[in-house]
Amino acid sequence: MQIAILSRNRNLYSTRRLVEAAKERDHDVFVVDPLRCYMNIVPHKPEIHFKGRKLEDVDAIIPRIGASVTFYGTAVLRQFEMMGTYPLNESVAISRSRDKLRSMQLLSRKGIGLPVTGFAHSPDDTEDLLELVGGNHGQSYVIKLTEGTQGKGVVLTETRKAAESVIDAFRGLDAHFLVQEFIKEAGGADIRCFVIGDKVVAAMKRQGKEGEFRSNLHRGGTASVIKITPEERSTAVRAAKIMGLNVAGVDLLRSNHGPVVMEVNSSPGLEGIEGATGKDVAGQIVSFIEKYHRHGKTRTRGGG
Ligand code: ADP
Ligand code: MG
């Protein structure tokens with residue numbers, strides 16, 4: 001099989017591992033920087049060029065599209081799809097997962113547990129917004145910028161007054177944000193479930209460093225292997241399916257009202273999860289492609 005990996009950097013751990021896993025299974029594999037692709041839009045014979053040559057007969061494509069290049073990256077992926085290449089994750093599912101509000105609305109519509117979440121645009125009625133989210137629990141809130149990653153722009157406020165101040169500040173910056181109930185009982189930990197198809201193939205617990213409620217490894221958190229419950233397993237698999245993703249990193253918090261989904265990542269990293277669990281996740285991704293690429297379309301389809 002000819003497999004292309006859409007990635008900006010061939011030296012990243014995840015990209016390297018996917019190349020390695022594909023080679024081990026005797027596939028012809030190469031890395032394509034999406035920003036260096038150019039395309040034509042013509043009826044019936046779409047083409048993609050890369051470094052002066054036409055990319056042809058690619059059987060499958062593994063998108064590793066970073067958040068900062070979502071727009072152009074998904075356009076390149078869509079072009080491959082128009083040419084009949086099998087995408088590990090479809091462009092439409094990746095775009096969907098990059099929009100936090102849309103994702104949460106879709107998940108909640110299907111009954112997936114989520115932290116109670118509010119969002120607003122107008123600067124009025126901050127008090128009522130806080131009431132809407134936190135009416136029935138304490139005074140603590142988590143306020144997050146919808147554009148943030150790696151725990152940046154995620155703030156815990158422990159009083160109503162502090163929440164109001166942070167919201168005022170974010171509004172002053174004209175930033176989009178969410179307000180959530182604080183899941184205190186999660187104890188600064190979350191669970192990353194690595195989903196491939198209809199299985200969680202690996203799971204790790206990330207624990208924030210002492211005194212830190214954010215579990216991100218970039219914020220000094222540590223990862224360890226964890227055994228998840230059947231409910232957590234089915235929540236993660238269903239969340240990926242609802243988003244229309246074959247491969248996803250589903251982050252859960254253990255709350256008093258069962259597992260709640262924090263986010264569904266469409267390009268989950270391999271380094272942390274392979275390191276913590278010792279599993280060959282890259283190999284399992286390539287095996288999945290071997291099994292399903294002939295269907296010519298993605299197995300999983302989401303909606304909305
Ligand atoms: P990012 O996309 O920047 O990683 P997240 O929404 O995943 O932002 O939040 C970062 C971390 O903060 C999470 O992994 C979790 O540990 C913690 N966290 C986020 N929201 C909540 C919440 N509502 N209750 C408790 N902890 C939270
Ligand atoms: Mg996160």
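The values are calculated or read from the model by the stated rules, or taken from the named source; none is laboratory data. Every value quoted in this text rests on a predicted model; they were computed, and no experiment measured them. For neighbour counting, all protein chains shown are included, and Cβ atoms are generated from backbone atoms with ideal geometry for every residue, glycine included. Only protein heavy atoms, including side chains, enter the accessible area calculation; ligands, DNA and RNA are left aside. Shrake-Rupley method; radii C 1.70, N 1.55, O 1.52, S 1.80 Å.
Does Leu55 meet the test of being open to solvent by 30 Å² or more (accessible area, probe 1.4 Å) and out of contact with any Leu (no Cβ under 7 Å at 6 or more places or on another chain)? Break it down stepwise before answering.
On the way: open to solvent by 30 Å² or more (accessible area, probe 1.4 Å): no; out of contact with any Leu (no Cβ under 7 Å at 6 or more places or on another chain): yes.
When the stated conditions are applied, Leu55 does not pass them.
When you look at Val76, is it closer than 18 Å to Ser267 by Cβ, touching a Pro at 6+ places or on another chain (Cβ under 6 Å) and β-branched (Val, Ile, Thr), yes or no? Give the steps one after another, and end with the answer.
Details: closer than 18 Å to Ser267 by Cβ: yes; touching a Pro at 6+ places or on another chain (Cβ under 6 Å): yes; β-branched (Val, Ile, Thr): yes.
Spelling it out, Val76 is indeed closer than 18 Å to Ser267 by Cβ, touching a Pro at 6+ places or on another chain (Cβ under 6 Å) and β-branched (Val, Ile, Thr).
Give me the pairs: first residue in segment 254-270 and in contact (Cβ under 8 Å) with a residue 60 or more places away in the chain and under 15 Å from Gly187 (Cα atoms), second residue within 12 Å of ligand 1 (Cβ to nearest atom) and of a type in the set (Val, Ile, Thr), beta-carbon distance under 6 Å, and six or more apart or on different chains, which are they?
What qualifies is Ser255/Ile183.
Kindly list, by first and then second residue, each pair from a residue in segment 141-153 that is among the aliphatic types (A, V, I, L, M) to a residue that is outside any loop (DSSP other than H, G, I, E, B) and more than 7 Å from ligand 1 (Cβ to nearest atom), limited to pairs with Cβ atoms under 6 Å and residues at least 6 apart or on different chains.
That search, which allows pairs on different chains as well, returns Val142/Leu156; Ile143/Val155; Ile143/Val166; Ile143/Phe177; Ile143/Val179; Leu145/Phe177.
Between a residue in segment 170-192 that is within 16 Å of ligand 2 (Cβ to nearest atom) and aliphatic (A, V, I, L, M) and any residue that is open to solvent by 20 Å² or more (accessible area, probe 1.4 Å) and assigned to a loop (DSSP other than H, G, I, E, B), which pairs come within a Cβ distance under 7 Å, given they are 6 or more apart or on different chains?
Within 7 Å, the pairs are Leu178/Thr146; Ile191/Ile226.
Are there any strands (runs of 3 or more DSSP E) wholly within segment 140-254 with 2 or more residues that are open to solvent by 30 Å² or more (accessible area, probe 1.4 Å), and if so which? Break it down into steps so the answer makes sense when it comes.
Values: elements: 141-145, 154-157, 177-181, 189-196, 199-207, 222-225.
Here the list reads 154-157, 199-207, 222-225.
What is the residue count in segment 82-100 for residues that are open to solvent by 50 Å² or more (accessible area, probe 1.4 Å) and in a helix (DSSP H, G or I)? Give the steps one after another, and end with the answer.
Step one: filter segment 82-100 for residues open to solvent by 50 Å² or more (accessible area, probe 1.4 Å), giving 82-84, 92, 98-100.
When the remaining residues are screened for being in a helix (DSSP H, G or I), the result is 82, 92, 98, 100.
Qualifying residue count for the region: 4.
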